[in-house]
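Take a look at the structure set out below.
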Amino acid sequence: MVRVRFAPSPTGPLHIGSIRTALYNYLFAKKNNGSFILRIEDTDKKRYVFKSEKHIIESLNWCKIFPDEGICCGGKYGPYRQSERIHIYNYYIKYLINNGYAYYSFDKKMNKNNYVIRLKVPKNKKKYIEIQDLIKGKIYIPTNNIDDKILIKSDGNPTYHFANVIDDHLMKITHVIRGEEWISSTPFHLILYKYFNWIPPYFAHLPLLLSSKGKISKRNLNSKKIIYPIKWTENKKIYNGFKEKGFLPESFINFIVLLGWKPKIEKELFSLKELKFIFSIKDINKTNAKVNIQKAVWFNQQYIKKKSLKEIIFLFLYELNKKQITLEKIKKILKKEIIKEILKRISFFSDIFNEIFFIPPKFYDVNIIKKNFNKYDIFILEKIIDIFSLNLNKKINNDYLIKSFISNLNKEKIIKVKKIIRFSIVGKLYGMDIFIILRIIETNDLLKRLKKLLIKFNSILN
Ligand code: GLU
């Protein structure tokens, strides 16, 4: 039975590279009816960051990557937090010492009573150690720099290498799927397996994820770039994650699964359910993958369009509530044809604010005005204001009114009228169908914006 694990160290927030490792492990387990285990490797007390365990669990939850066993949910091979397994490592280190495979080492620089326990690397070692990797094939790691690695530190805690091997064995891990940065550690691990006379698991080392500036790293914090699934706060600074930026978990999953994995099928949209059936290690690329946020945005657009009308309304309401927009106004836009229009244009549900024009533009851009309008447009704008002012008591639909007004005009003028009205309402030259906008906006509100633009036109174009 397949058993895989995701074994992060709680040394900071979980970034996109680690969540991809978790996802690949999870999918591999599900594809093979196996188990996915979440183990926390917290034996490095110096690098321990308190909130990271919470960040790891919440990130996995948001992505709907639910472990079968682990710190979250128990299981028969626990405890799953290494700091709670010290007695186990103490037991196994005795075996190594008694058999001459490990030794106490009193480092001169250290206080006399302090010691570490080191692995005794065989003297007649080969020049290269061969690793049969499921992704990279046969790889040869030079052994000239394999020294007697520390297994137990002077504070009594095991090192990553020691605890990792003991736990993988005791937790009956069949496949170790982890980042490429761990390849150089694998020879030590193999020596340990040999000393214990244990059969090592299969290894699959994933190619790196690169940002435009190189390797993605949790030590490389930058508040503008999003590299975390969910938000992380450090020194009172907030680093928003994909979730906070408005990505849906399903589009995030689809985006990251394709960073390094390419199925034979010619398509791009995969649900988690589908991935559990088709994921395979042999389709993982050998080369590093680049993170392209624009692609993630594209996925989000696709998944937004796939939502049911009910879900869309719910998510729009959630966003609109944040800005305290009145229910009466909201009702006007929650109609199927208008929602359809909005969906064509947005990448995130929060983009609805850019589309629905309930809030007047903060200012009218002088450069846009100079480039697109001239002093004759002042006259057109005055005319439009007249039409709507006369209509205030008549209550004819705004869109109908404008349609009849432009019916006598030539093509060029029609374009101009629409352009002026749109610009006055949204402060931009593009957006949703202007007649839909006119149907929704109240005449009063519309007039206020047109008059404000007229003042601007007069001061710039005259
Ligand atoms: N604790 C290691 C990490 O933080 C796990 C490496 C492994 O999967 O063996 O990535």
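When 1/r is averaged over all different Cα pairs and the result inverted, which Kirkwood radius in Å belongs to the chain? Please list the in-between numbers first.
Numbers: mean 1/r = 0.0376 Å⁻¹.
Final number for the Kirkwood radius of the chain is 26.6 Å.
Quick one, what does Rg over Rh come out to for segment 348-402 if you take C-alpha atoms and the Kirkwood Rh?
Numbers: Rg = 15.0 Å, Rh = 14.1 Å.
When Rh is taken as the Kirkwood radius, the ratio is 1.07.
Under the rule that an exposed site lies in a DSSP loop and has at most 16 other Cβ atoms within 10 Å, name the longest stretch of the chain with no GluC sites (Glu not before Pro) of that kind, not counting the sites themselves. Mind showing how you got there, number by number?
Working: sites that count: E266, E268, E442.
The longest such stretch corresponds to 1-265.
How fast does segment 1-153 diffuse by Stokes-Einstein, in µm²/s, taking the Kirkwood radius from C-alpha pairs at 20 °C and 1.002 mPa s? The partial results should precede the final answer.
Values: Rh = 18.2 Å.
The estimated diffusion coefficient comes to 118 µm²/s.
Quote the FRET efficiency, to the nearest 0.05, computed for E328 versus I455 with a Förster distance R0 of 35 Å and r equal to the Cβ-Cβ distance.
Details: r = 29 Å, r/R0 = 0.82.
The calculated FRET efficiency here is 0.75.
Using all C-alpha to C-alpha distances in segment 1-40, build P(r) with 5 Å bins and read off the rounded percent in each one.
6, 27, 29, 21, 10, 5, 1
Place +1 on the Cβ of every Lys and Arg and -1 on the Cβ of every Asp and Glu in the chain, take the dipole about the Cα centre, and give the residue among N25, I57, S271 whose Cα lies farthest towards its positive end.
Farthest along the dipole direction, towards plus: S271.
Between segment 54-93 and segment 376-440, how many Å separate their Cα centres?
63
Over the Cα atoms of segment 275-413, how large are the radius of gyration and the largest Cα-Cα distance (Dmax), in Å?
22.2, 71
Specify the inter-centroid distance of segment 297-357 and segment 119-145, based on alpha-carbon positions, in whole Å.
First find each Cα centre; the distance between them is then 56 Å.
Roll a 1.4 Å probe over the protein chains and send me the accessible area per residue for the chain in Å². Don't skip to the end; give the middle numbers.
Numbers: 24580 Å² over 462 residues.
For the chain, the solvent-accessible area averages 53 Å² per residue.
Per the 1.4 Å probe, what fraction of the accessible area of the chain, in percent, lies on carbon and sulfur atoms?
On the way: 12970 of 24580 Å².
Carbon with sulfur: 53 percent of the solvent-accessible area.
What are the chymotrypsin sites (Phe, Trp or Tyr not before Pro) within segment 97-171 that DSSP puts in a loop, where the Cβ has at most 16 other Cβ atoms within 10 Å?
Details: sites: Y101, Y103, Y104, F106, Y115, Y128, Y140, Y160, F162; in loops: Y101, F106, Y115.
Filter output for segment 97-171: F106, Y115.
How large is the dipole of the chain about the Cα centre if only Lys and Arg carry +1 and Asp and Glu carry -1, each at its Cβ, rounded to the nearest 20 debye?
On the way: 87 positive and 41 negative charges, 187 e Å.
Roughly 900 debye for the chain.
Could I have the simple spin-label model distance between N288 and T143, label points 7 Å from Cα toward Cβ, reported in nm to one decimal?
For the pair N288/T143, the computed spacing is 2.9 nm.
If R0 is 35 Å, what FRET efficiency do you get for I278 and Y318 from their C-beta distance, rounded to 0.05?
According to the calculation, E is roughly 0.60.
Relative contact order for the chain using alpha-carbon pairs under 8 Å, separation at least 6, rounded to a whole percent? Intermediate values should be presented prior to the final figure.
Values: 622 pairs, mean separation 57.7, N = 462.
It comes to 12 percent, rounded to a whole number.
What distance in nm separates the two pseudo spin-label positions at I414 and Q302, each 7 Å out from Cα along the beta-carbon direction?
Output for this residue pair reads 3.7 nm.
Given bins 10 angstrom wide, list per bin the percent of all Cα-Cα distances in segment 349-462, short to long.
P(r) for segment 349-462, in whole percents per bin: 13, 50, 32, 4, 0.
Starting from segment 297-390, pick out the chymotrypsin sites (Phe, Trp or Tyr not before Pro) whose DSSP state is loop and whose Cβ has at most 15 other Cβ atoms within 10 Å. Please list the in-between numbers first.
Working: sites: W298, F299, Y303, F314, F316, Y318, F348, F349, F353, F357, F358, F363, Y364, F373, Y376, F379, F388; in loops: F348, F357, F358, F363, Y364, F373.
Within segment 297-390, the qualifying chymotrypsin sites (Phe, Trp or Tyr not before Pro) (loop, at most 15 other Cβ atoms within 10 Å) are F363.
Return the calculated 222 nm mean residue ellipticity for the chain, to the nearest 500 deg cm²/dmol, obtained by summing -39500 (n - 2.57) across DSSP H runs with n ≥ 4 and dividing by the residue count. Walk me through the intermediate numbers first.
Values: 19 runs with 206 residues, N = 462.
Theoretical 222 nm ellipticity from helices: -13500 deg cm²/dmol.
Give the residue from A7, Q302, Y91 lying farthest towards the positive end of the charge dipole for the chain; charges sit on Cβ (+1 for Lys and Arg, -1 for Asp and Glu) and the dipole is referred to the Cα centre.
Q302
From the Cα trace of segment 323-384, what convex hull volume per residue do you get, rounded to a whole Å³?
Values: hull volume 9.2 nm³, N = 62.
Expressed per residue, the convex hull around the Cα atoms of segment 323-384 is 149 Å³.
Counting other Cβ atoms within 10 Å, which trypsin sites (Lys or Arg not before Pro) in segment 266-313 have at most 15 and lie in a DSSP loop? Present the calculation step by step, with values, prior to reporting the outcome.
Values: sites: K267, K273, K276, K282, K286, K290, K295, K305, K306, K307, K310; in loops: K267, K286, K307.
Answer in residue order: K267, K286.
Take I406 and N367, extend 7 Å from each Cα along the Cα→Cβ direction, and tell me the distance between the two endpoints in nm.
2.7
The values are calculated or read from the model by the stated rules, or taken from the named source; none is laboratory data. Here the structure is a predicted model, which is why all the values come from computation and not from measurement. FYI the Cβ positions are ideal-geometry reconstructions off the backbone, even for glycines, and counts take in every protein chain you see. Note: areas computed on protein heavy atoms with side chains; ligands, DNA, RNA excluded. Shrake-Rupley method; radii C 1.70, N 1.55, O 1.52, S 1.80 Å.
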